[in-house]
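Below is one structure, written out as structure tokens; comments come after it.
The values are calculated or read from the model by the stated rules, or taken from the named source; none is laboratory data. As the structure is a computational prediction, the values presented were derived from the model and not from experiment. Positions of Cβ are generated from backbone atoms using ideal geometry, with glycine treated the same way; all protein chains shown enter the neighbour counts.
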Amino acid sequence: MSAIRKKKKAFVAQGDCVACGCCVKVCPLGAIQIVKGIMARVNMDKCVGCGKCAKECPASVIEIREVIA
Amino acid sequence: MKKHWYDYLWIVSLTYLILGFFNILFAWLGLFCFFIPLIISVTKGTKGYCNRYCGRGQLFGLLGGRFGLSRRKDIPKWMKSKWFRYGFLVFFFAMFFVMLWNTYLVFAEAQDLRQAVTLLWTFKLPWQWAYHGTLFHPGVAQFAFGFYSVMLTSTVLGLITMVLFKPRSWCVYCPMGTMTQLICKVRNGKA
Ligand code: SF4
Ligand code: SF4
Ligand code: SF4
């Protein structure tokens with residue numbers, strides 16, 4: 001099979017992130033970290049694109065996008 | 001997910017707000033929510049307070065989340081813009097210094113103690129039931145009234161934006177959150 005596989009991943013608009021950490025608390029896979037108190041960073045290897053973080057983020061700066069795996 | 005002891009700090013925040021109805025002098029304890037975040041951000045360069053220990057954030061998360069008291073809508077763009085967040089920080093601190101100045105005037109005996117809690121920097125609520133005299137100078141009580149006003153005002157604002165937008169919308173423009181992020185940016189060389 002050579003079909004292109006698509007996966008969903010979370011992307012943080014880091015410039016607008018307030019580093020509150022709400023996303024970290026809800027991620028079931030522990031895929032998000034707050035880096036140096038400045039912004040959130042998603043570990044793409046762990047993220048399964050469930051969207052929980054995006055729903056929780058009070059600033060709504062997380063987007064779930066499809067990426068080609 | 002495993003619960004930690006610090007996931008229950010919302011109880012402390014709630015207790016704090018309630019105690020202020022009985023004896024205003026408890027308001028002094030609120031200084032912890034001022035100094036702990038600052039100390040963590042200055043010494044460790046993280047927003048560890050927001051990310052773990054802040055009971056106020058947890059309280060909004062609980063009321064808006066578990067109790068469903070939130071429309072769960074996106075916060076308006078301007079509210080998360082830098083100018084609003086920093087502007088609110090500046091305004092908040094300006095008001096804070098006005099409060100300190102009033103406290104000073106009472107200490108200097110240039111002004112009498114006012115047994116009122118000021119909500120949203122405007123509305124003076126009579127609050128004499130929570131003041132039973134003190135062994136200390138009336139200035140000590142004036143600071144307590146002032147500090148409790150700050151705490152109650154931010155709670156009310158937080159509750160309003162919790163209902164209108166997402167549970168923890170307050171965290172977007174919370175002055176402590178903005179300030180600790182700013183400290184982290186400066187400290188970690190990203191400003
Ligand atoms: S919840 Fe949103 S604003 Fe808060 S740290 Fe995560 S991405 Fe940033
Ligand atoms: S989309 Fe799901 S798995 Fe990915 S970071 Fe967000 S909460 Fe975690
Ligand atoms: S932003 Fe403010 S309310 Fe939210 S977790 Fe940080 S200190 Fe608490």
| note | Note on region B:59-98: residues surrounded by 15 or more Cβ atoms within 10 Å (Cβ to Cβ) and under 22 Å from B:Ile183 (Cβ atoms) are B:Met79, B:Lys80, B:Phe84, B:Arg85, B:Tyr86, B:Phe88, B:Leu89, B:Phe92, B:Met95, B:Phe96
| Going through region B:161-191 one residue at a time, which ones are over 19 Å from A:Glu56 (Cα atoms), more than 7 Å from chain A (Cβ to nearest Cβ) and surrounded by 24 or more Cβ atoms within 10 Å (Cβ to Cβ)? | none
| request: Only one of these is assigned to a helix (DSSP H, G or I), more than 30 Å from A:Lys52 (Cα to Cα) and modelled with pLDDT of 95 or more: B:Tyr104, B:Tyr86. Name it. | output: B:Tyr104
| query | Residues in region B:105-116: is at least one more than 9 Å from chain A (Cβ to nearest Cβ), in contact (Cβ under 8 Å) with a residue 60 or more places away in the chain, away from ligand 1 (no atom under 16 Å from the Cβ) and not polar (S, T, N, Q)? | reply | no
| Of all residues in region B:1-57, which are in a loop (DSSP other than H, G, I, E, B) and surrounded by fewer than 20 Cβ atoms within 10 Å (Cβ to Cβ)? | B:Met1, B:Lys2, B:Lys3, B:His4, B:Asn23, B:Gly45
| Tally of residues being basic (Lys, Arg) and not in a loop (DSSP other than H, G, I, E, B) across region B:112-147 | 1
| Hits in region A:5-16 (condition: in contact (Cβ under 8 Å) with a residue 60 or more places away in the chain and more than 13 Å from ligand 2 (Cβ to nearest atom)) | A:Arg5, A:Lys6
| Out of the residues in region A:17-59 that are surrounded by fewer than 21 Cβ atoms within 10 Å (Cβ to Cβ), facing chain B (nearest Cβ under 8 Å) and assigned to a loop (DSSP other than H, G, I, E, B), which is nearest to ligand 2 (Cβ to nearest atom)? | A:Pro28
| said: Can you find a residue that is among the hydroxyl-bearing types (Ser, Thr, Tyr), in contact with a Lys or Arg (Cβ under 7 Å, 6 or more places away or on another chain), more than 12 Å from chain A (Cβ to nearest Cβ) and closer than 26 Å to B:Trp129 by Cα anywhere in region B:9-32? | reply: yes
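Each row is one residue, and each column tells you yes or no for (1) more than 16 Å from ligand 3 (Cβ to nearest atom); (2) within 11 Å of the chain's Cα centre (by Cα).
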| position | (1), (2) |
| --- | --- |
| A:Lys7 | yes, no |
| A:Lys36 | no, no |
| A:Lys52 | yes, yes |
| A:Lys55 | yes, yes |
